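The values are calculated or read from the model by the stated rules, or taken from the named source; none is laboratory data. Computed from a predicted structure; not experimentally measured. Glycine also receives a Cβ, built like all others from the backbone with ideal geometry; neighbour counts cover every protein chain displayed.
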Amino acid sequence: MSATSRDFDSPKIKNFAGFLQRADYSLMDSLLSDPQSTEDGQDHYPRQVFSGHYVPVIPTAIPAPEYIAHSNELFNELGLSNDLALNEQFSRLFSGDITVARKPMRPIGWATGYALSIYGTEYIQQCPFGTGNGYGDGRAISVFEGLFNGKRWEMQLKGGGPTPYCRGADGRAVLRSSVREFLAQEYMHALGIPTSRSLTLYVSRSETVRRPWYSQDSRSIDPDILVNNPAAITTRVAPSFLRVGQLELFARRLRSNAHQGALNELQMIVKHLIERNYKQVISQGLVFTDQVVELAYFFRKRLTSLVANWMRVGYCQGNFNSDNCAAGGFTLDYGPFGFCELFDPRFQPWTGGGEHFSFFNQPVAAEANYQMFWAAIRPLLSENSEAMVRLDKIREGFAETMQQEIEAMWAKKLGLESYDTTLTSELIELMVLSKVDYTIFFRELSNIPEQLTTLKESFYLPSSEKIDMQWENWLQRWRNRVTTCGDLRVTSATMKRVNPKYTWREWLIAPAYKQAERGDPSLIKEMQNVYSKPYDEQSSEVEAKYNRLKPKEFFNAGGISHYSCSS
């Protein structure tokens, strides 16, 4: 997903007309719209959607939009001039006003339906109709799809107003959650982990929306007050926004004989997924059944690698349902997410997530989502028993593949040529005992210290003599292993490319969105700079501010140590 130097050297698109010329709508051109949808996209009230792959929807613009930020790096990758972010028509489009569209751009957006599964169990309770036909993009509306420097990107407004899937809500996002998603996507990209990206962030200076949240210094688990928040729209960008839950929706319709075209709709969405996300690894010359088997293999490969890399950097996807699992194998939907500071395998920042979505349980959640993916595409092979056997074998190998990825990840974090079960399991126990800061500890370890002293700078608890002896024993055995791997300077440098220096710390993010609410986005811009180079040594000022233990007052603090999904 990173751009080549050639891309950066290409002439930049400097005006809105030039941007519009990149429009190219594969989804709307190759898939089916809901036959009950309106032609003009005025479709903003909850209703059941029985068939079709998408619903045309006009986004609802936020009034009095004000620019907050844009991603310099993504603009470069797309070949856009940074000045475009302040262009009036560009700003209007990405704050929800699609009336600025001119050909070849289309003056209409689209929302998609999907199904929900949690840990492999199908749910329809979240659907207001009790059928599953009203569940989907409730406030996410795609408004543009185009080709930039030879790559296809879809641009989606988060907070763009209600759709038929809004379940009675207002379709808005608040500035707080928008800032979090905007910063987190680009931070994840800088970490080298596949993710949706952030294009722009605009806030309304006249519209507010009321949401439950936490009072000042609250220690409540659940929000304890209602707050008026500025409405905001962040534009997220990805090769596609196809989810496992979308495939499930069409497979469920096929299974229940919902309509005569159900099988065709499932085939179409899977073909579209392959075209959008797997074109470069799956040959179009293969027969379709073989493409489906290849899809299962490559998605397994991407998903297991993704989750292992989440764990490498301390990321926890607090609500890793199938509808939040991108079928392209990248990180999607930064809602109730968090990054582990004080190390705890059970870390889970979202109050509604439970331990089943906790930090170390993410591989199991991933397998449950893969199970639903496998079950959704399996009917496409009903007439090819040999292909079905191969598909089932790929499914059966998920746990082993996931374990291999996790073991390889731990070996890299520890600078080892191969995974060491004893060293790793003992380390995890010691990290829990000493309550270490996950990021600071591994960065200090990357210096390959001879003494325990520097590592203790990452401990949240004073260490006892007994635990110190255990640490020193572990450290000596680990150093002996690392020494056999070659030049320690090379190993140290390699470890620092795996273990970031700077991590996401919610207590530092909160002041940024609070300051932005008062009209000052300077902290957001500062964080963009810091988080764009998470593996680098930065200035002493940056280190003093961003590379430190979580202060005591932020433990168990509502909205910082834990938060609801309210956004």
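Summary of values
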item: Options L31, L80: the member that is buried (at least 22 other Cβ atoms within 10 Å of the Cβ) and more than 20 Å from C166 (Cβ to Cβ); result: L80
item: Evaluation of E207 against (1) at pLDDT below 95; (2) closer than 30 Å to L86 by Cα; (3) not basic (K, R) (one fails), failing number; result: (1)
item: Pick from the range 217-248, criterion among the hydroxyl-bearing types (S, T, Y) and more than 23 Å from the chain's Cα centre (by Cα), ranking: surrounded by the most Cβ atoms within 10 Å (Cβ to Cβ); result: S218
item: Pairs with Cβ under 7 Å, 6+ apart, first in the range 469-490 and free of Cβ contacts under 8 Å to residues at least 40 places away in the same chain, second surrounded by 14 or more Cβ atoms within 10 Å (Cβ to Cβ) and outside any helix (DSSP H, G or I); result: E472/L452; L475/L452; R479/I448
item: Residue that is surrounded by the most Cβ atoms within 10 Å (Cβ to Cβ) [pool: residues in the range 113-171 that are within 18 Å of Q246 (Cβ to Cβ) and of a type in the set (K, R)]; result: K158
item: Qualifying helices (runs of 4 or more DSSP H) (wholly inside the range 1-117; at least 1 residues being over 27 Å from the mean Cα position of the chain (by Cα)); result: 5-9, 16-20, 88-93
item: Hits in the range 474-500 - residues which are assigned to a helix (DSSP H, G or I) and in contact with a Ser or Thr (Cβ under 7 Å, 6 or more places away or on another chain); result: V482, S492, M495, K496
item: Residue among A365, A375 that alone is touching a residue at least 40 places away in the same chain (Cβ under 8 Å), assigned to a helix (DSSP H, G or I) and buried (at least 19 other Cβ atoms within 10 Å of the Cβ); result: A365
item: Selection within the range 208-236 - among the β-branched types (V, I, T) and in a strand (DSSP E or B); result: T208, V209, I225, V227, I233, T234, T235
item: Of all residues making up the range 329-343, the number that are surrounded by fewer than 21 Cβ atoms within 10 Å (Cβ to Cβ), closer than 21 Å to F554 by Cα and modelled with pLDDT of 95 or more; result: 1
item: Which listed residue is of a type outside the set (V, I, T) and either within 20 Å of A190 (Cβ to Cβ) or buried (at least 16 other Cβ atoms within 10 Å of the Cβ) (or both), from K514, K550; result: K550
item: Residues of the range 439-473 that turn out to be assigned to a helix (DSSP H, G or I) and within 24 Å of C485 (Cα to Cα), as a count; result: 12
item: Inter-residue pairs, beta-carbon under 9 Å, first touching a residue at least 24 places away in the same chain (Cβ under 8 Å) and in the range 215-227, second of a type in the set (F, W, Y), 6+ apart; result: S220/Y214; D222/Y214; P223/W213; P223/Y214; P223/Y563; D224/W213; D224/Y214
item: Every pair of residues 6+ apart whose Cβ atoms lie under 9 Å, when the first sits in the range 63-89 and is closer than 20 Å to G519 by Cα and free of Cβ contacts under 8 Å to residues at least 40 places away in the same chain while the second is among the hydroxyl-bearing types (S, T, Y) and surrounded by fewer than 18 Cβ atoms within 10 Å (Cβ to Cβ); result: L86/Y67
